[in-house]
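First up is the structure itself, then whatever we jot down about it.
Rule-based calculations on the coordinates, nothing more; no lab input. The structure presented is a predicted model; accordingly, all values stated were derived computationally and were not measured. We place every Cβ from the backbone using ideal geometry, glycine too, and count neighbours over all the protein chains shown.
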Amino acid sequence: MSAGGEVNLSPFSFFNVMSMSPPILVFSVTSRGRDNSHKDTLQNVRAVPEVVINLCDYPLVEQLSLASAEYPAGVNEFTKAGLTEVPSDKVRPPRVAECPVAFECVVGQVMALGDGPGHGNLVVCRVVQAHVREAILLDGRPGIDPLKYEAVSRLGGDWYSRLRPENLFTVGRPNRHLGIGFDELPTHIRHSDLLTGNHLARLANTERAALPSPAQIEEIKAEPMVAYLLNKHRNDAAEQQKQLTLLARQWLEEGRVAEAWRVLLVG
Ligand SMILES: Cc1cc2nc3c(=O)[nH]c(=O)nc-3n(C[C@H](O)[C@H](O)[C@H](O)COP(=O)(O)O)c2cc1C
């Protein structure tokens with residue numbers, strides 16, 4: 001919002017969460033590359049240190065893009081992009097009705113990160129009120145359900161990506177226990193051409209106490225697939241090792257880490 005009370009709306013992808021308590025968000029307004037001039041958003045936050053940061057989802061992405069057009073100061077991009085203003089509870093600028101999440105914020109610091117064309121200006125914002133569409137919340141727990149919030153990310157140039165359930169995955173947090181680490185992986189595993197950094201990380205995240213015992217390694221030799229490969233390649237040690245590693249890789253991808261360890265230690 002300008003000093004004169006005119007509303008302004010623009011998309012920002014240089015944006016992040018920096019603190020939970022106090023709740024701090026940041027975004028960066030760059031100066032224009034062509035003439036180093038400042039965008040309306042920067043001039044406005046200096047004049048009225050309050051903003052609303054609205055999070056977009058896939059159904060809104062083309063309207064968001066429209067709001068990035070360089071209309072002259074004083075033109076309200078809500079109107080141009082067909083979005084609806086809702087009065088905020090605690091700050092003067094309104095929020096976007098269509099957005100699934102909106103944070104009303106008070107601007108603390110504005111930090112110039114350079115002075116030439118394209119330099120960023122970091123705007124540090126303290127959240128004073130949050131609005132979240134109920135339909136995207138997790139069931140019975142605090143937080144947003146990534147399966148219900150169709151987030152978009154801006155990539156380079158005109159590229160964006162759309163978050164779909166098939167692209168979501170979880171990565172177990174390593175801090176619940178201490179894994180052995182990459183440095184303690186047996187050399188033939190660590191330097192295998194068939195295992196990627198992701199495969200090795202799953203192995204390295206295994207606690208020492210959970211590594212297979214000699215009896216468990218013996219036992220896995222009787223597993224039908226392992227027994228088949230051992231027998232089929234009994235006269236070719238290198239091929240046998242390769243096929244067992246491929247089986248371990250498949251099991252790692254299926255989350256069967258303990259069995260993968262066993263098969264990698266056979267032979
Ligand atoms: C998806 C998207 C993300 C953008 N992210 C940023 C950004 O992080 N920082 C920035 O300065 N400009 C960014 N822009 C460009 C601004 O939105 C654009 O310069 C806008 O016209 C600025 O409006 P204003 O003059 O009303 O502040 C982005 C544009 C799009 C379409």
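Working note: Cα gyration tensor of the chain, eigenvalues times five, square-rooted, sorted largest first, giving semi-axes of 53, 19, 18 Å.
Within straight cross-link reach of Lys90, meaning Cα distance under 15 Å, which aspartates and glutamates are found once same-chain residues fewer than 8 apart are removed? Once the sequence-local aspartates and glutamates are set aside, what remains near Lys90 is Glu50, Glu104.
The loop-placed GluC sites (Glu not before Pro) in region 25-70, going by DSSP, that have at most 16 neighbouring Cβ atoms within 10 Å of their Cβ come out as Glu70. When the square roots of the Cα gyration tensor eigenvalues are ordered a ≥ b ≥ c, the ratio a/c for region 41-84 is 1.5 or more and a/b does not exceed b/c, which makes its shape oblate. For region 148-264, a simple Cβ point-charge model (Lys and Arg +1, Asp and Glu -1, everything else neutral) yields a dipole of about 280 debye relative to the Cα centre.
Apply the a/c threshold of 1.5 to the C-alpha gyration tensor of region 114-188 and tell me whether it is rounded, prolate or oblate. In terms of gyration-tensor shape, oblate. Our coupling estimate for region 115-122, obtained by passing each phi through the Karplus curve with A = 6.51, B = -1.76, C = 1.60 and θ = phi - 60°, is 9, x, x, x, 6, x, 10, 7 Hz, Gly and Pro reported as x. Each residue of region 15-30 is assigned a 3J(HN,Hα), and the resulting list reads 8, 6, 8, 10, 7, 8, 9, x, x, 10, 10, 10, 9, 10, 9, 8 Hz, derived from the Karplus form 6.51 cos²θ - 1.76 cosθ + 1.60 (θ = phi - 60°), x at Gly and Pro. Amide H to amide H, with H built 1.01 Å from N, Arg95 comes under 5 Å of Val86, Ser88, counting only residues 5 or more places away or on other chains. Each Lys and Arg Cβ is given +1 and each Asp and Glu Cβ -1; about its Cα centre, the chain then shows a dipole of about 400 debye.
Quote the charge dipole size of region 15-167 about the Cα centre in Debye, to the nearest 20; the model charges only the Cβ of Lys and Arg (+1) and of Asp and Glu (-1).
280
Shown here for region 57-116: trypsin sites (Lys or Arg not before Pro) in loop regions (DSSP other than H, G, I, E, B) with at most 13 other Cβ atoms within 10 Å, namely Lys90.
For region 1-126, what does the alpha-carbon gyration tensor say about shape, rounded, prolate or oblate, given a ≥ b ≥ c as the root eigenvalues, a/c under 1.5 as rounded, and a/b over b/c as prolate? In terms of gyration-tensor shape, rounded.
By count of other Cβ within 10 Å, fewest leading, how are Glu223, Glu104, Glu239, Glu166 ordered?
Listed from fewest to most nearby Cβ atoms, that is Glu166, Glu239, Glu223, Glu104.
When the inverse distances between all different Cα atoms of region 132-267 are averaged and flipped, the Kirkwood radius reads 17.8 angstrom.
Divide the volume of the convex hull around the Cα atoms of region 90-149 by the residue count and you get 142 Å³ per residue. The trypsin sites (Lys or Arg not before Pro) of region 188-267 meeting both criteria, a DSSP state outside H, G, I, E and B (loop) and at most 16 other C-beta atoms within 10 angstrom of the site's C-beta, are Lys221, Arg234, Arg256.
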